[in-house]
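A short reminder: the numbers here are calculations on the coordinates, not readings from a lab. Bear in mind that the values here come from a model prediction, so they are computed numbers and not experimental data. A quick note on method: Cβ atoms are made from the backbone with ideal geometry, for glycine too, and the neighbour counts reach across all protein chains shown.
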C-alpha cells in the first residue's frame, strides 16, 4: 500500500497530518537541501515527537515522495497545452522553474515515475498532448527523450549554482581565476578543438542554453513522430 493509499491516523491533541509534515520537510529542504531533512528534524520543527511522524510516514523515502508530489503541483499546467511541443516545453520550463525554487528537487528527478496524484496529473497532461501522433511505444520514447534532456540540463545548472555558493565565485569569476591555467594548457597545442571552443565560442546564460537545447531535442523528436505516408 502506497503512502497515498494509507489512511491517516486519528487526530491527536497536538494537530498533525501529512500536509503539515510535508510542508515542514519542504521548508527544511529549501533551507539546507535533502541532507537537512530527517524525521527527527521535521518532528522538531513541528514540536512533535519523532515517533508520531511514523504513524503518517513509514520511511524518509516516503517523505521524499510526498515532497516531490507537492512540487509537482507547481509543475502541473493550469490548462491542457495545445500540442505536444507546447506540452513538452511547458513541462521542461516549469520543472526548471520549480527546481530553481526548490534545488533539492534536482536530486530526486529521473528516478522511478512519480506516483502521487499531482505527478500522475503531470504525466497525463503530457501524454494526452501526444495522443494520435504515433504508437504508444514511440510516444513513450519521445517523452523519455525530452525528459532526459531537461533533467540533465537542470541538474547541471543546479550543480553550477551550488559550486558558486561553495567557492564564493560566480561563473565569470571562476573562469577568470582558472584563466592562467587554461591558457597554459591550450598553448601546448594538445587541445585544438577545446581551444577553438574557448576562444571562438559564444558565452550564453543558463536559460538561453536550456531553451536552445530543448528546441533541438524537440526538432529531433518531431522527425520520429512524423507518420509515414500511406
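Remark: the Cα gyration tensor places region 54-118 in the prolate category, a/c being 1.5 or greater and a/b exceeding b/c.
Normalised by the number of residues in the chain, the mean separation of alpha-carbon contacts (under 8 Å, six or more apart) gives a relative contact order of 18 percent.
If you take the square roots of the eigenvalues of the alpha-carbon gyration tensor of the chain and sort them as a ≥ b ≥ c, do you get rounded (a/c under 1.5), prolate (a/b over b/c) or oblate? The shape class here is oblate. Among 116, 213, 82, the residue with the largest mean-square fluctuation in a Gaussian network model of the chain, with springs joining Cα atoms closer than 10 Å, is 82.
Calculate, for residue 133 and residue 156, the FRET efficiency according to 1/(1 + (r/R0)^6) with r their C-beta to C-beta distance and R0 30 Å; round to the nearest 0.05.
Values: r = 29 Å, r/R0 = 0.98.
FRET efficiency, residue 133 to residue 156: 0.55.
Annotation for residue 70 and residue 1: the two label points, set 7 Å from Cα along the Cα-Cβ direction, are 2.3 nm apart. For the residues 174, 104, 84, a GNM of the chain with alpha-carbon springs under 10 Å puts the largest fluctuation on 174. Under a Gaussian network description of the chain, with springs only between Cα atoms under 10 Å, the residue in 72, 175, 97 that fluctuates furthest is 175. Between region 23-61 and region 63-106, the C-alpha centres lie 23 angstrom from each other. How many percent of Cα pairs in region 114-155 exceed 13 Å? Within region 114-155, distances greater than 13 Å cover 59 percent of Cα pairs.
Mean projection of the Cα convex hull over all viewing directions, computed for region 84-188: 9.5 nm². Using only the C-alpha atoms, the convex hull of region 1-132 corresponds to 114 Å³ per residue. When shorter helices are ignored and each DSSP H run of at least 4 residues is given -39500 (n - 2.57), the per-residue value for the chain at 222 nm works out to -22000 deg cm²/dmol.
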